[in-house]
Every structure is written in C-alpha cells, then in structure tokens.
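The values are calculated or read from the model by the stated rules, or taken from the named source; none is laboratory data. Keep in mind the model is a prediction, meaning the values are calculated, not measured. Reconstructed Cβ throughout: ideal geometry from the backbone, glycine too, with neighbour counts over all protein chains shown. Just the protein is used for accessible areas: all its heavy atoms, side chains included, with ligands, DNA and RNA removed. Shrake-Rupley method; radii C 1.70, N 1.55, O 1.52, S 1.80 Å.
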Amino acid sequence: MVIGGGVMGASIAFHLAEAGVRRIVVVERGELAGGSSGKPIGGVRAQFSDPLNIELGRRSLRAFRGFPDRPGADIGLRTVGYLFLLTTAGQAAEFADSVRTQNGLGVPSRMIGPAEARALCPYLSAEGLVAAAYSPDDGHARPAHVVRGYARAAARAGAVIATHTSVVGMDTAGDRVTVVHTDRGSVACSAVACAAGAWSARIGSMVGVELPVRPLRRQLAFTVPLLPAAPRIPFTIDFTSSAYFHNSDDGLLFGLADPAQSEGFDTTWTPEWLDLFRAVARRRAPALAELATAGGWAGLYEVTPDHNALIGRSTSPVNFLYATGFSGHGFLQAPAVGEIVRDLYLGRPPCVDVTPLGADRFRTGTRSRPEAHVV
C-alpha cells in the first residue's frame, strides 16, 4: 500500500506497477495532488550543494524530459534554466564550489556576472549583484499534470487509486505491518510506503516510526495577464531573500518564503503576504513591484531538521518504507525517488545510495547533510 496521492505516492505507484508489482493500492485522503503536490512552484533543477541531491535532481530532470513517452503525458515542461542571484562574496564562493561539484556530476551549471544575469532576465536590476549561478537544463513544469500522468499509468497497469480515503490506523504482527485501517475499510498488505508529505509524522507514529517532518506554509501569487507578454525568463531566485518569479501562462508567478512563518497546517492565502515580495522586488526587479496580481494560493512545505529528505526502510516494522520530508524539493526529485522506493521494496540496490537519508540519522547522531541551496 502507498499512503499519499501526491507526486511522490504517484511516482512510487507507477514505478512499482511498471516493474510488475501487483495489487498496489494508493490511498489519498482527498483528491490526487490535493495536498502539497497541488500547490508547489513547479521548479525542476539539479543545482544543489549536496552530491546526493544533485544526483536525484539530475536523474529526475532526465525523466521529466522523457515524460511524454514514459509514462505518457504532457507536463508543461519549460526548460528555461534556473538563475540564482547572489549578493555577497560569500554566497558567490559557496555557489562556485557547488557548481564545480555539479559539473563533476554532469550538470552544465556555471557562474555568470551581473550583466549576463540581466541579459537572461531583463526585469533585473544589477545593482548590488555580485554574481549569479545558472544552469540551462533546469526549469519548471506542472505538478498536477505529473501526478495525473503517473497515476493514470499506474491505474492502467492495475493499481487501485482510492481517493477520499483516510488512514486511521495500522496493525502489526512481529516486525511487520499487516493491515492498514482506513475510514472506508481495512486492507491487508505486504508492505507500506509512506508518502504522506507534511502529514507523514502522523502516519509513522501509527507504527512507532519517527518521521521528523513538520508543516510550514508557503505562499505564491499570479499576476494578471500581461500585455505585452512577459519575455521568456529563467526561474529566477534572489537567494538572500528567497524571492522568486518565473513565467506562468500569460503572466508571471511570484513567491517568497516568509521567515516569520510559524509551523502548522494552515493553508489560508493572505494577500498582505505580497508586501514582503514587493519590498524585495523594488530593489531587485523594480518593474515587478507594481504589477497587479490576480490571486494566489498557499501550500505546505514538509520540513526536516536538516532540510534533506527522509527516504528508506524502517528497521521495525521492516516492511514500512518512507519517502517524505523533502523540504520543498519533493516535486523535482519525485521521478528518481519513485525508482528508489521501487528498488527498496524489491530488495535490490537502488540507483542512488540513499542510506544517508534514513530517518534514524537524527536519532543515532549520524552526521547530517545540510543542503545549502534551500529556497
């Protein structure tokens, strides 16, 4: 059983079904992509500082490019690049080091100067910019399209997708989960994969598995249609403030992580949040500060203490797998993680060694792997 009908759960179900696994059941308490996967910014990238995250991003980018053929869906992929704007010498040095690591793993990222950054994104003011990091292979896609593409392909292969179905408990016998109880009945199972996003801690607690994931609201907004149309620009991020923007249909999408945001499951969109973005835009991209918006939405980041994912198999119950806590990187890493969970279930070495991402790293004192390129 797969718990969670977002991008991670759908990817896991697809990869399992493709490998010939039968009697797959995906349970989702609402609609598919109704939680965090329905409201992310849609960025896809391999520009990270940790080699493990770089590899997960790189493999996933390849899968996104091939999505029209496998599993077969248009996901609105726009390979426009990712542009990180850097305003201190320290940031530039750290990103330059990361670019060297990325290049060594096959990612064509590079450091550029303020003038080239402005050429890529005409909205920018170069004042105060020290440098930028850019990778042309990155971009953005439509998360809901990805979820539906994976889910439909899994269903065609025989997977059961049970929406509006909440998990209320689990039974164990010895060191195994044997039954998952839902509000629509109970299901015997040979294994459970938790992909419940911000709600994963609750699922793990049902079988005594600690998944240190906490929910954190993130908000974004859309401009009104723009005339003349906005130029094609990279996914652009002011790294100091976390403010970002990119093309979206006939306008632009704006976002920023509120540093004062408290933890919780509240997903109310508050228009006054836009004041934070506009304050940054007046310095970094002045024309954006005055653009009218046509609403927005709020979703949840699923955050871990070191901003890295939790991926693995629990020691007890031994048939409880998990893929959660991606701290804003779940959508872009989902294709690779689906492969990995498939391999963990089948008992074979995964394409990427995710041992360092085991949930017990916080309990055992294992050295954490902080990710520097967090937005």
Item checked: Qualifying position, being closer than 20 Å to V224 by Cβ, over 15 Å from the mean Cα position of the chain (by Cα) and among the aliphatic types (A, V, I, L, M), among L321, L256 -> L256
Next item on the list: Scan the stretch 14-25 residue by residue and report those that are touching a helix residue (DSSP H, G or I) at 6+ places or on another chain (Cβ under 7 Å), farther than 17 Å from I75 by Cβ and not β-branched (V, I, T).
Entry: L16, A17, A19
Item checked: The one condition in (1) among the aliphatic types (A, V, I, L, M); (2) more than 25 Å from G128 (Cα to Cα); (3) in contact with a Cys (Cβ under 8 Å, 6 or more places away or on another chain) that V207 fails to fulfil -> (3)
Note to self: Of the residues T172, T163, only one is at pLDDT 95 or above, touching an Asp or Glu at 6+ places or on another chain (Cβ under 6 Å) and at negative phi; which?
What the structure shows: T163
Next item on the list: Determine whether T223 is in contact (Cβ under 8 Å) with a residue 40 or more places away in the chain, surrounded by 19 or more Cβ atoms within 10 Å (Cβ to Cβ) and of a type in the set (S, T, N, Q).
Entry: yes
Check: Just checking, how many residues over the stretch 135-163 are in contact with a Pro (Cβ under 7 Å, 6 or more places away or on another chain) and in a strand (DSSP E or B)?
Finding: 1
Check: Does V177 count as farther than 29 Å from R62 by Cα, hydrophobic (A, V, I, L, M, F, W, C), open to solvent by less than 30 Å² (accessible area, probe 1.4 Å) and assigned to a strand (DSSP E or B)?
Finding: yes
Next item on the list: Out of V25, V80, V21, report the one residue that is within 27 Å of F222 (Cβ to Cβ) and of a type in the set (V, I, T).
Entry: V80
Margin query: Can you tell me which of (1) assigned to a strand (DSSP E or B); (2) within 25 Å of T79 (Cα to Cα); (3) touching a residue at least 60 places away in the same chain (Cβ under 8 Å) is the one A132 doesn't meet?
Written below: (3)
Next item on the list: Quickly run through the stretch 191-209 and pick out the residues that are touching a strand residue (DSSP E or B) at 6+ places or on another chain (Cβ under 6 Å), of a type in the set (G, A, S) and not in a loop (DSSP other than H, G, I, E, B).
Entry: A193, G197, A198, S200
Notebook entry, point to check: Of the residues that sit in the stretch 292-321 and are touching a Phe, Trp or Tyr at 6+ places or on another chain (Cβ under 9 Å) and of a type in the set (F, W, Y), which one is most open to solvent (accessible area, probe 1.4 Å)?
Noted result: W297
Note to self: Just the residues that are over 14 Å from F48 (Cβ atoms) and in a loop (DSSP other than H, G, I, E, B), please, taken from the stretch 357-375.
What the structure shows: G358, A359, D360, G365, T366, R367, S368
Check: Restricting attention to the stretch 30-50, does a residue exist that is modelled with pLDDT of 95 or more, out of contact with any Asp or Glu (no Cβ under 8 Å at 6 or more places or on another chain) and polar (S, T, N, Q)?
Finding: no
Item checked: Residue match in the stretch 139-154 (condition: more than 30 Å from G30 (Cβ to Cβ), charged (D, E, K, R) and either more than 17 Å from the chain's Cα centre (by Cα) or crowded, with 19+ Cβ neighbours inside 10 Å (or both)) -> no
Note to self: Can you name every one of the strands (runs of 3 or more DSSP E) wholly within the stretch 240-356 that holds 3 or more residues which are of a type in the set (D, E, K, R)?
What the structure shows: none
Margin query: Is it the case, given these coordinates, that P212 is in a loop (DSSP other than H, G, I, E, B), modelled with pLDDT of 95 or more and under 24 Å from I311 (Cα atoms)?
Written below: yes
Note to self: Out of F235, F254, I need the residue that is touching a residue at least 24 places away in the same chain (Cβ under 8 Å), within 30 Å of A151 (Cβ to Cβ) and out of contact with any helix residue (DSSP H, G or I) (no Cβ under 7 Å at 6 or more places or on another chain). Which one?
What the structure shows: F235
Check: Could you say which residue among E339, E290 is of a type in the set (D, E) and touching a residue at least 60 places away in the same chain (Cβ under 8 Å)?
Finding: E339
Margin query: Among the residues in the stretch 108-123, are any at pLDDT below 95 and closer than 18 Å to F239 by Cβ?
Written below: no
Next item on the list: Output the residue which, of all residues in the stretch 322-375 that are among the basic types (K, R) and buried (at least 18 other Cβ atoms within 10 Å of the Cβ), is modelled with the highest pLDDT.
Entry: R342
Item checked: Hits in the stretch 112-128 (condition: free of Cβ contacts under 8 Å to residues at least 60 places away in the same chain and open to solvent by less than 60 Å² (accessible area, probe 1.4 Å)) -> I112, G113, P114, A117, A126
